[in-house]
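Take a look at the structure set out below.
The values are calculated or read from the model by the stated rules, or taken from the named source; none is laboratory data. Everything quoted here is computed from the prediction, not taken from an experiment. Note that we place each Cβ from the backbone using ideal geometry, even for glycine, and neighbour counts take in every protein chain shown.
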Amino acid sequence: MSERLVVRLGSEANHGIDWLVWSNSEQEIIASGQLNNAQQLSQLHEKAGGRPVIVLLPVADVLLTQVEVPGKLTRQLQQALPYMVEEELATDVDKLHFTVLDCSDGVASLAIVEKAKMDNWLDWLEAAQLKCRQFLPDALMLPEHEGQWSAVQMADDWLIRQGRYKGFSADESLLPFLMDKWLQEGESAVDNEVEASEQVIQVYTPLPSGVAGNWQLNTPELPMQLLAQGALASHMNLLVGEYQPQKEYSKNWLLWKRVGIAATACLVLALVSTVLSLQQLKQENEQLTAEIKDIYVTLFPDEKNIREARIKAQLKRHLSKLENQTQGADLLSMLAKIQPAFKQVPGFKPMSLKYEGKDSEIRLQIKANTYAEFEKFQSLLDPSLKVQQGAMSNQDNKVTGTLTIRGQG
C-alpha cells in the first residue's frame, strides 16, 4: 500500500496533534487535519483504514547526541553506550530508552528518550486502536542539505535540522537568542567550515525576523507534507529493544491456526487434572485483581476504559503528576538571569539547551576557548542560581562541557 497515515504527537496529552494521509504513488495529500489533544486520536482510527501508521515525536523530547566509539559497534559496546554518555544526562540511565541511529567513522549517533514518554505515546495509540511500527524524531524528517540547515515553523515552534542526525526545536520567542549564540563570532554550530555569517538555512515557511543566520526561502510547502515525505524515505526507528513491535502472523500461519488449536485441545485434555488444581488459585487471583480495580475506580472515578493490565503503570503516572504539580520554574526568568553572563564572556557559546520543568533546571552544552571561561561564566551568574559543572573535554583547541543550572525558587 502506497498510502500512509503520518501523525505528529505532542509532548503532553493536552497538546495539539497534526496528521496527514499521504499517497506516495500519486505524490499528493489524501486528507489532513489537526486534533486538540490525545483523547481525540480515536478519530484517526477510521482515517487509518488499514494504512501503515508512522508517528513523529517532538524532537524537544528526544536528546540527539554523539559519542566516540572504539572500532565496530558490537553488542557489548552497544550495551555500554548509555554509560558512556551518563554524565551528560540529568535522568538515571535505567529510566531512558536509547536508540543508535548510526555508527560510522568511530562516532555513534544516539537518540535518547524517557521511557515514561515512550509509554505515554504508546498508550495513546493503543487506546485509539492505531497500530504503529515506526517512531521518528520530527526535526530529522526535514530535507537534508549538505553543509546547510533546513527549517520550518509549526505553530509557535521552529523545527531545525542541522545535519543527518542533528536537529532541535525552539519556541519562536527563544529562537533569536539560541541562533545568535550558535552562529556568533564566525563559528558554525555544525561540523563544517562555513563562516557563521554565511551559514545557509533553507526555510520552507515564512522567514523569521531578527534572527541570526543566512535564511533562504524555498518554495513554501505544508509543513506536515514536508515531514511526511521525509518520514516515508527514512529508515530510522526509535521502536527498538523493549519497544520493538511484535511481528504479525503471516496468512500462511493463520491457515494452520485450526490445526494448532486441535493439537492444543488434545494437550489440554491430558493436563485436566493439573488445571483443576490451579483453578482455585486462579479464582483467588481474579478476586484480588477485581478488588484492586475497585479501589482504583474509587480513587479516580473520572477515568474511562480502565485496563487491569495497566493499573500499576497508571498509578505511577498519577504519582508523577502529583510530584510535578509542586515543581516547575519560569524558563524565561531563568534565561533573563543567565543572559548577562553570556554577554560578558563572548567566547562562551551554548551548543544546545534543554529545560526540565519538574526540576527547575536548564541543561546547557557549551563550547568555549579555555577552561577559564567556564569559571568566569559561573562567577558572573546571578546568585539566585545554582550551577553544576559536568564532564569537560579539549579538542581542536576548543573546550566543551556541560552545565546544569537550577533555580532556587
* **Contacts under 7 angstrom Cβ, first residue in the range 88-109 being under 13 Å from residue 78 (Cβ atoms), partner at pLDDT below 90 and polar (S, T, N, Q), 6 or more apart** => 100/78
* So how many residues does the range 82-100 have that are surrounded by 19 or more Cβ atoms within 10 Å (Cβ to Cβ), farther than 18 Å from residue 245 by Cβ and either in the same structural domain as residue 402 (by TED's automatic domain parsing) or not β-branched (Val, Ile, Thr) (or both)? -> 1
* Select the strands (runs of 3 or more DSSP E) contained entirely in the range 103-189, then report the ones holding at least 1 residues which are in contact with a Gly (Cβ under 7 Å, 6 or more places away or on another chain) and among the charged types (D, E, K, R). => 157-163
* Assess whether residue 372 counts as being under 19 Å from residue 345 (Cα atoms), of a type in the set (A, V, I, L, M) and either outside any strand (DSSP E or B) or in contact (Cβ under 8 Å) with a residue 12 or more places away in the chain (or both). => yes
* Scan (1) more than 30 Å from residue 364 (Cβ to Cβ); (2) surrounded by fewer than 16 Cβ atoms within 10 Å (Cβ to Cβ); (3) in contact with a Lys or Arg (Cβ under 9 Å, 6 or more places away or on another chain) for the single condition residue 48 breaks and write down its number. => (2)
* Listed residues 43, 39, 76; which is modelled with pLDDT under 90, over 14 Å from residue 228 (Cβ atoms) and in a helix (DSSP H, G or I)? -> 76
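Which one of these is of a type outside the set (Gly, Ala, Ser) and either at pLDDT 95 or above or closer than 26 Å to residue 18 by Cα (or both): 211, 240, 194, 190?
On the way: 211 fails: either at pLDDT 95 or above or closer than 26 Å to residue 18 by Cα (or both); 194 fails: either at pLDDT 95 or above or closer than 26 Å to residue 18 by Cα (or both); 190 fails: either at pLDDT 95 or above or closer than 26 Å to residue 18 by Cα (or both).
When all the criteria are applied, what remains is 240.
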* Asked: Looking only at the range 361-390, which residues are more than 28 Å from residue 84 (Cβ to Cβ) and either of a type in the set (D, E, K, R) or buried (at least 16 other Cβ atoms within 10 Å of the Cβ) (or both)?
  -> 376, 381, 382, 385
* Structure fact -> Subset of the range 391-405, residues of a type outside the set (A, V, I, L, M, F, W, C) and either part of a helix (DSSP H, G or I) or crowded, with 19+ Cβ neighbours inside 10 Å (or both), comes to 401, 402
